[in-house]
1. Need one number: nm distance between label points at residue 63 and residue 7, each 7 Å from Cα along Cα→Cβ, rounded to one decimal.
2. Which residue fluctuates the most in the chain, going by a Gaussian network model with Cα springs under 10 Å, if the choices are 93, 75, 19?
3. Starting from the Cα of residue 18, step 7 Å along the direction of its Cβ; do the same at residue 70; then give the gap between the two resulting points in nm.
4. Note down the relative contact order for segment 48-107 as a percent, whole number, built from C-alpha pairs under 8 angstrom at least six residues apart.
5. In the chain, how does Rg compare with the Kirkwood Rh, expressed as the Rg/Rh ratio over alpha carbon atoms?
6. Taking a cut-off of 14 Å, what percent of all Cα-Cα pairs in segment 47-107 are separated by more than that?
7. For segment 8-104, calculate the relative contact order in percent as a whole number, restricting contacts to Cα pairs under 8 Å that are 6 or more residues apart.
């Protein structure tokens, strides 16, 4: 069994979410989106596996993000598609310290 190593990166600040429910940024080679839903922070790779569309440009209803291109839906809690079997997006652990948001890009 492999051991996953924590690899937290500074994403931004809580203040950045004042006017937007989803914020997307480039961290290294990954486009990562973060959202806070009912007090819980979620981070996910901002690329739909279907055709690479930016998921953060889609709609968010509860913990379900819908791709704007072809309506593929993903649960931000698990990363699993709610409409296409065996499809998923990567999700990442989030921690907040002193109003700063960190995303764990472990693989």
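Every number in this text was worked out from the coordinates using simple rules, so none of it is lab data. These numbers come from a predicted model, not from an experiment. Positions of Cβ are generated from backbone atoms using ideal geometry, with glycine treated the same way; all protein chains shown enter the neighbour counts.
1. Those two pseudo-labels are separated by 2.5 nm.
2. 19
3. Placing both labels 7 Å along Cα→Cβ, they lie 4.0 nm apart.
4. Rounded, it is 19 percent for segment 48-107.
5. 0.95
6. Across segment 47-107, Cα pairs with separations above 14 Å total 57 percent.
7. 27
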